[in-house]
1. What pairs from 104/160; 105/170; 88/160; 100/150; 71/150; 71/176 go past 21 Å between their alpha carbons?
2. Please compute the net charge surrounding residue 164, taking Lys and Arg as +1 and Asp and Glu as -1 over other residues with Cβ under 13 Å from its Cβ.
3. Excluding residue 84 itself, calculate the net charge of residues whose Cβ lies under 11 Å from the Cβ of residue 84, where each Lys or Arg counts +1 and each Asp or Glu counts -1.
4. Using Cα-only point scatterers and the Debye equation, what is log10 of I(q)/I(0) for the stretch 25-181 at each q in 0.11, 0.15, 0.17 Å⁻¹, rounded to two decimals?
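What follows is calculated from the coordinates using simple rules that are stated; it is not laboratory data. No experiment lies behind these values; they were computed from the predicted model shown. Note: ideal-geometry Cβ built from the backbone for every residue, glycine included; neighbour counts use all protein chains shown.
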Amino acid sequence: MKKHILLVTFILLNISLFSQIMKDVNDVLLINPYNDTTIVSQSELDLPTIFIVYGIGCGVCIKELNTIASKKAEWEQLYNVNFIVFCKKTKNRYYKQLAKMSEKKAYPFELFIDMNSDLAEYLSKLKNIDSKQFSSIGNFHLIIPQTIIKNKDNEIIFQKQGYQVGDEDKIEEVLKQMTKND
């Protein structure tokens, strides 16, 4: 009898601990380059957010990340916008490469990996997402970099593929307009 009570107590304790570390069904689980888990809560996702989808080793992606990094502090202050920068699920061998890139570039934002496609799934369900450019099925990484901006009402207000010098001006215009409409 005592063994059963101990077993039940052990199970209940583990369920309690497990539920504390489990994410809410609406939260997004991301992994950083050091294989640490980050949970982006629904309250964070409700903020106006710039999502940047990059590829590991993608030269064009790095150009865009460098440009966005130079604007991040200003845009956060002026437009109260959140940044989530991520790539698709990747093989473990890329963690070291991504960690080196993150350290070398010293970006003012963390680079994440969407290992479970939680973020891709979240974005694919937002109003006005262009599913031809973005898909939660796992092929969203084929067209990189991608920049997606959503407002506080969880509507996509800007989405683009690729990068060209001057794209940051287009992004800033969208952010100005978003702020005006709030």
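1. 104/160; 105/170; 100/150
2. My count for the surroundings of residue 164 gives -1.
3. -2
4. Treating every Cα as an identical point scatterer, log10 I(q)/I(0) equals -0.38, -0.75, -1.00.
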